[in-house]
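Written below as structure tokens is the structure these notes are about.
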Amino acid sequence: MILLAESGSTKTSWKLIDPDGSVKSFSSPGINPVLQRSGQIEEDQAGYLSPIHGEQVDEVYFYGAGCGGTESSGSVREWLSSLFPSATLTVDSDLIAAAKSLFGDDNGVVAILGTGSNSCYYEDGEIKRGVPSLGYILGDEGSGNQIGSQLIADYLRGVMPTEIQNFIREQFNITESSVLTQVYSQPYPNRYMASFVAPISKAFGDHRYFQNVLESQFRAFFDNCLSKYSELGYCQIGFVGSIAYHFRTMLKKLCEVYEFDLRAVNEKPIDQLIEYIKTNQKTH
């Protein structure tokens, strides 16, 4: 039995693959060892994996935000080892998951736009080059976190159209004080800021103001991160993540502007990951 997980900062998608090929799906809160203190992963995930009998799982593949380094992924590996002591563990970054889901064993530029953002150049099954994401304070251009931050900053400063201002006031009942408390005193401020994007987009997705916010954020991602790969001649690109998927029309236009060959835009890489793992097992 194989257990596969793909995790961002907001949500973890799980797939349990039986020997007969049938798949069970479930989700749990996001896991990011860079942002979570020791023991918090166990607390946040308590109960979600309890229905699975650990001794029946032979292989665990966990791909997640913040899991690219040996040190940062150690807490995730330790937690999974305690649940599945006899299983073979693979713990790697969400970039690797995105790359395998988009390109398999091919080459290309990989871009993640979800709660956060990240990118790399993938070749021969490995990340060959990267531009530091820098996280939700210093970076994350084009992400739900940064789009939400710009929207709420504009709201609090009163520099957005009146109709959107009124919508936010009625829907969220937020104040400068409540926002600052959530951002600076509560856990997961990136999730909090990203949570505003979907409802505002649903109500005002075609509004020129909202489109301008999106474009400015996406252009910052292209300018600060993705353009570094095109300068080196790497032009085939694929995107994963909820933000990328829901605003794929604008991304497609910007790929043309920045002369990238857009390969695919996937909301969730986990389904393609299953096929990649199954194919890999057959050939080894």
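Read-outs throughout are calculated quantities, based only on the coordinates presented, and are distinct from any laboratory measurement. These numbers come from a predicted model, not from an experiment. Positions of Cβ are backbone-derived with ideal geometry, glycine not excepted, and every protein chain shown enters the neighbour counts.
Can you pull the Kirkwood radius for the stretch 76-208, inverse mean 1/r over Cα pairs, to one decimal in Å?
17.4
Within the set of other residues whose C-beta is less than 10 Å from the C-beta of Leu254, count the net charge using Lys and Arg as +1 and Asp and Glu as -1.
That sum, taken over residues with Cβ under 10 Å, equals +1.
At a 10 angstrom cut-off on C-beta neighbours, averaged per residue, how do the peptides 99-110, 251-262 rank from highest to lowest?
The peptides rank, most packed first, as 99-110, 251-262.
Can you work out the Karplus-derived ³J(HN,Hα) for every residue in the stretch 19-29? Use 6.51 cos²θ - 1.76 cosθ + 1.60 with θ = phi - 60°, whole Hz, and x for glycine or proline.
So the J values, rounded to whole Hz, are x, 7, x, 5, 10, 10, 10, 7, 9, 8, x.
Top mean-square fluctuation among Arg248, Arg219, Arg208, Gaussian network model of the chain, C-alpha springs under 10 Å?
Highest fluctuation of the listed residues: Arg208.
Using alpha carbons only, how many degrees (0 to 90, rounded to 10) separate the axis of helix 94-103 from the longest principal axis of the chain?
That works out to roughly 80 degrees.
Rounded to the nearest 500, what is the chain's calculated 222 nm mean residue ellipticity when only DSSP H runs of at least 4 contribute -39500 (n - 2.57) each, over all residues?
For the chain, the value works out to -13000 deg cm²/dmol.
Roughly how tilted is helix 248-257, in degrees to the nearest 10 and between 0 and 90, from the longest Cα axis of the chain?
Between the helix axis and the principal axis of the chain, the angle is about 80 degrees.
Top mean-square fluctuation among Tyr122, Tyr229, Tyr155, Gaussian network model of the chain, C-alpha springs under 10 Å?
Its mean-square fluctuation being the largest, the pick is Tyr155.
With everything on Cα atoms, drop me the angle between helix 70-83 and the longest principal axis of the chain, reported from 0 to 90° to the nearest 10.
Relative to the chain, helix 70-83 is tipped by roughly 60 degrees.
Can you work out ³J(HN,Hα) from phi for every residue in the stretch 161-172, in order, using Karplus 6.51 cos²θ - 1.76 cosθ + 1.60 and θ = phi - 60°, giving whole Hz and x for Gly and Pro?
x, 4, 5, 6, 4, 5, 4, 5, 4, 6, 7, 10
State the Kirkwood hydrodynamic radius of the stretch 62-148 in Å, one decimal place, computed from all pairs of distinct Cα atoms. All intermediate terms of the calculation are to be shown ahead of the outcome.
Values: mean 1/r = 0.0720 Å⁻¹.
Its Kirkwood hydrodynamic radius stands at 13.9 Å.
Which cross-chain or sequence-distant (5 or more) residues have an amide H under 5 Å from the amide H of Cys67, H modelled 1.01 Å from N in plane?
Asp94
For Rg and Dmax of the Cα atoms in Å, the listed values are [x] 26.7, 83; [y] 17.5, 57; [z] 19.4, 60; which was obtained by calculation from the structure presented?
[z]
Tell me the net charge near Ala87. Cut-off is 10 Å between Cβ atoms, Ala87 excluded, with +1 for each Lys or Arg and -1 for each Asp or Glu.
Residues near Ala87 contribute -3 overall.
Could you tell me how far the Cα centroid of the stretch 114-135 sits from the Cα centroid of the stretch 6-47, in Å?
Each part reduced to its Cα centre gives a spacing of 21 Å.
Between the stretch 55-109 and the stretch 226-284, what is the separation of their alpha carbon centroids in Å?
Using only Cα atoms to place each centre, the spacing works out to 19 Å.
Gly116: net charge of surrounding residues, Cβ under 13 Å, Lys/Arg +1, Asp/Glu -1, itself excluded?
-1
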